Every structure is written in structure tokens, then in C-alpha cells.
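What follows is a short report on a single structure.
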Amino acid sequence: MNERAGGGLRWAVDSALFGLAVLDAWLGFEPDWPFSTASVCVAVLALLLRRRYPYVTLALTLPTLAFSYAVVAVLIALYDVARHTRDRRVLALCSAVVAIGYAVPWPGKDDMVSAPSILVNVVYALMFGGAPAFLGQLVQARGDLSLQLKEINEARDHERELVAQTVLAKERAQLAREMHDVVSHQVSLIAVQAGVLQVSPPGPETKDIAATIRQLSVTTLDELRHMVTLLRVSGSVVTDLAPQPTLAVLPTLVANSGIEVTIEGLLHDDADAATQRAVYRTVQEALTNARKHAPGASATVQLWHNHSELGVTVTNASPTRPTLSLPSAQHGLIGLRERADLLNGTLTFGPTPDGGFRVHLCLPWHPAHFDSP
């Protein structure tokens, strides 16, 4: 639609300029001058070539300066040269030729020298040769600026799209971490308890294990529903992607871990929410992995802090029972490392010499004050 409108406007402008040149040729026609009719006809018809061959058009219109008073065709041709050329020297030469052609008293046009002074003729000649050139260059600059603005807008749109894609990727990564951290703990415990139930003989312990599985299933379902609700909330409401635990519920996590865990040390009270959440998720993932890959092993959770850093170290012993075959892609540990990187901290993990496994989280900490020892 825009191309069709642009073509129609271009056709209307060409028609108007051609009509103006014809009118000027008719008004300035002098049948007594030799070659007047031929030069005027050639100049007007040459305007049909002005968009494709501007230099040829200008050359064909120049004779009218010597044999006729019709000057509109020359002005239009010079304007087209100025609008298309990028060489200022060529444009200056064309403008000078037009100005000289206008100022020189050609045979049969001696009455043009009857001006009050030569200075006035020179000024008119300069204006005659300079005005179309300046107008053509102005239109060219406008087109260049429009093209640059279009490119800038396209670049900004592309940049906004890249930013949106980056934000979406970060949100997906965060959602993946939260989904793993929130659900993996309960689901892996359900799998472990179900495996125990499968090999346990009927009895009171079987009933307790079944009750544990039911409670874990209800808790997992509640957390999934909560996450789905948060994802459906309007973007105008500031919410987090998942429940945000703190260190206050760490004893509950340890008590429900299904393995023997010892907690050592404390963290300072002024640790921010993001730091507490990172510590909680690290303990949760480490205990989940210990339960999945080291059945029967005990674990130790060491909370520590000094004047510049804080963190947690979770160490589990070697397994004492056969390991159940459970799926694992180490996404949890990768997510914990990404979480630590976002907080300018580090996460290291690896096996211990006695066959166990250790996860160590270290985060920067800048308290407002220190308690005296």
C-alpha cells in the first residue's frame, strides 16, 4: 500500500513538473530566434529521462539558455542532478555551467544585459545556478536521514527483541531451577520411600511409610499448584516464581529429609533473603542427592560465616545400602552454581576420600556491623 501511494505521488510530481516546463516553454517561446523551437522541444522532452539519466537531461536542456527564455526545464534538470549526485565537485561544475549560461549575453538575448548593473546580473546568475543545487542536496539529505532513522528504528526493534529473548531465557532458567529445587526434593523422597515400601513386609512400618508417601505427595501437589498460580498472575503484580524459603525452615527440611543429618553452626541474622534462599536450596539439593545416591548414609550441614563471607558445607558419608536407579542429569548442581554466580559467589562439589560427597557454597557478605568477640 505504501509503495503504491509512493508511486502515485511520484507520478503526480513528474506530471506537474512536466506541465510547468511546457507552460514556461510556451510563455518564453521566441519564433524569431534560430533554433529556439528545436531547443525548447528537446529540453521539455528530455525531462522524461530525468530520473534515470539526470546528467543527459541537463546536457539536453542547456541549449535553451542560449536560444530561449524558457528556463524551468534547466532548473528541473539541475535539481535532479543535485538530488542524485554524491560528488560535490561535479555538482559545483554543473551549477557553474548553468549560472554562466544564464549570465552570458547570447546572440538574440542582448536585452538580458539591460539590468541596472553587472552585479545584479551576477547575483541572479548565482541564485539561478545555486538554488536548484541546494534544494536537490536538501532533498537528498532528507532521504538519507529518513533511511538512517529507519535503520535506527529497525536496530532498536531488533535490540528490544534480543532483550526480550534474553529476559525470557533468564526467566526460563530461573523457572527450571525453582521447579527442580521445589519438586525434586519431595519427588525423590517419594521414590525412595516407595522403594522401601516395595521390599518391606506388611506391618506397622509399612503403614507409616505409606502415610509418609501420601504426605509428601500432597505437599508436592500444593507446591506445584502454587507455582502454577504464580505463573498465571498478571504481570502488573510483583511476584516470585516459587515459594521463597528462608533459613528459619531449614530444621523442617532436615527433619523431613529421610536421612540422619547433623546441623552445625549458625548464620548471621542480617543475611539477606537471596542469600538465605541460596543456602536453603544448596542444603536441599545436597540432601536430595545424598538420599538418592547414598542410601543409608548420614550427612553433616555446616553453616559458617566470617567478616566477609558466609556459606554452607554439606557432606555425606558413603552409602550403606544398594543404590536405587533414579534419573539424574545434575541439573540441580548446575542450577545451584548459576544461583551462586548471580550472587557473586562460588559453588564447588565433588567426592570425598572416604567415598562420600561434599557440596561447598561460599557467598560474599557485607554486614552493617560486627559483634565484638
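Details
- Label-to-label distance, nm, for residues given as Thr320 and Asp354 (7 Å Cα→Cβ offset): 1.2
- Taking the Cα centre of the range 46-106 as reference, the dipole from Cβ charges on Lys and Arg (+1) and Asp and Glu (-1) amounts to some 260 debye.
- Highest average first, the peptides 55-68, 81-94, 152-165, 38-51 ordered by how many other beta carbon atoms sit within 10 Å of their residues are 55-68, 38-51, 81-94, 152-165.
- With the highest mean first, a sort of the peptides 311-319, 17-25, 250-258 on other beta-carbon atoms found within 10 angstrom per residue produces 311-319, 17-25, 250-258.
- Just so you know, the Rg over Rh for the range 245-373 is 0.98, from Cα atoms, with Rh as the Kirkwood radius.
- Take each peptide in 300-307, 274-281, count the other Cβ atoms within 10 Å of every residue, and average; sorted highest first, the result is 274-281, 300-307.
- For Thr288, Thr206, order by how many other beta-carbon atoms lie within 10 Å, fewest first: Thr206, Thr288
Each value in this text was obtained by applying a stated rule to the coordinates, not by laboratory testing. Keep in mind that what you see is a predicted model, and the values were worked out from it rather than measured. Here Cβ is always computed from backbone atoms with ideal geometry, including for glycine, and neighbour counts include all displayed protein chains.
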